[in-house]
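Chemist: Following this message is one structure expressed as structure tokens.
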Amino acid sequence: MRPRRTRRTRRAGTVLTAALLTGPAALTGCAPPATGTGAHPGAYAGAKPPRAGDLPPVVDHVRTRDRVVFLTYDDGAERDPALVGLVRARRLPVTLFLTDTVVGPAYGRLARLRSVGASLQNHTLDHAALRGLPYAGQRAEICGQQRKLTSRFGVRPRLFRPPHGTYDTTTLRAAADCGITAVVLWRVSVDPAGTLAYARGEPRLHPGDIITLADPPLAPRTKALLTRLTRQGFRVASLDDYL
């Protein structure tokens, strides 16, 4: 059963504000470019759903005292049968950011994952690097995938991860216009060797960290990470319940 959303757990942390879009970031996952991105360490604040005309907050961490972290996957994770089986067997409340051209015929499998707690969110139609594209192109990528996922699963995503972790103010405006309430990056990534890399801050896990796993093998790295989390007193929680 998912935890109840309390006033405390609804407060998200570490908002990467639009005013800080020009800084570089040490983000990995989703094949990021080596040069500067739209992501930035940012400042602590509360992330709330944007009002009309507002830009959605950009988060890589959720402010909470609960000993929880959030597991996120991009681009074809649903094609790893071992990972699909692990999520189903342990009923892991993972978040999958989906690109339509990558997911392809796997939508049926994703529906089964959703039934055991996986959250399906937006990662654009074609995995285009959005930063610098005109508004119309960015909106087409984000809103187009909103429509795809809504027609497939009957739920309109609230969360969006820009491909490569790169974005600009146009991305945030397009995302808001497509119904996105938060743009989700990550503070922690797990490389193919199982090593944890930290985009910013102390090189250790904190409550509320958003973790991304990209590139195979995903299932053994996820199992090893779950063991590590248990040893440190963390559990995996649903990002939907905290953002």
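Chemist: Among all residue pairs at least 6 apart or on different chains, which show Cβ distances below 8 Å where the first residue, located in the stretch 99-120, is free of Cβ contacts under 8 Å to residues at least 40 places away in the same chain and hydroxyl-bearing (Ser, Thr, Tyr) and the second is crowded, with 18+ Cβ neighbours inside 10 Å and in a loop (DSSP other than H, G, I, E, B)?
Modeler: What qualifies is 101/125; 101/127.
Chemist: Here is a list: 149, 130. Which entry is in a helix (DSSP H, G or I), within 23 Å of residue 211 (Cβ to Cβ) and either hydrophobic (A, V, I, L, M, F, W, C) or in contact with an Asp or Glu (Cβ under 8 Å, 6 or more places away or on another chain) (or both)?
Modeler: That would be 149, the only listed residue that is in a helix (DSSP H, G or I), within 23 Å of residue 211 (Cβ to Cβ) and either hydrophobic (A, V, I, L, M, F, W, C) or in contact with an Asp or Glu (Cβ under 8 Å, 6 or more places away or on another chain) (or both).
Chemist: Go through the stretch 56-82 and count every residue that is crowded, with 24+ Cβ neighbours inside 10 Å and either among the polar types (S, T, N, Q) or part of a helix (DSSP H, G or I) (or both).
Modeler: Here the count works out to 3.
Chemist: Can you tell me which residue is farthest from residue 64 (Cα to Cα) among those in the stretch 203-243 that are among the acidic types (Asp, Glu) and surrounded by fewer than 20 Cβ atoms within 10 Å (Cβ to Cβ)?
Modeler: Only one residue tops the list, namely 215.
Yes or no, residue by residue, for (1) part of a helix (DSSP H, G or I); (2) free of Cβ contacts under 8 Å to residues at least 40 places away in the same chain; (3) not aliphatic (A, V, I, L, M):
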residue	(1), (2), (3)
183	no, no, no
189	no, no, yes
192	no, yes, yes
200	no, no, yes
206	no, no, yes
210	no, no, no
221	yes, yes, yes
224	yes, yes, no
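Chemist: Between a first residue in the stretch 133-155 that is farther than 10 Å from residue 122 by Cβ and without any contact (Cβ under 8 Å) to a residue 60 or more places away in the chain and a second residue that is buried (at least 17 other Cβ atoms within 10 Å of the Cβ) and of a type in the set (Val, Ile, Thr), which pairs have beta carbons less than 8 Å apart while being 6 or more apart in sequence or on different chains?
Modeler: Qualifying pairs under 8 Å: 133/170; 134/170; 135/170; 138/170; 138/171.
Chemist: Which members of the stretch 104-117 meet the condition of being under 14 Å from residue 76 (Cα atoms) and either in contact with a Leu (Cβ under 7 Å, 6 or more places away or on another chain) or among the polar types (S, T, N, Q) (or both)?
Modeler: Selection gives 110 alone.
None of the figures in this text is laboratory data; all of them are computed from the coordinates on show. Please read these numbers as outputs of a predicted model, since none were measured by experiment. Methodologically, a virtual Cβ is constructed for each residue, glycine included, from the backbone with ideal geometry; neighbour enumeration extends over all protein chains shown.
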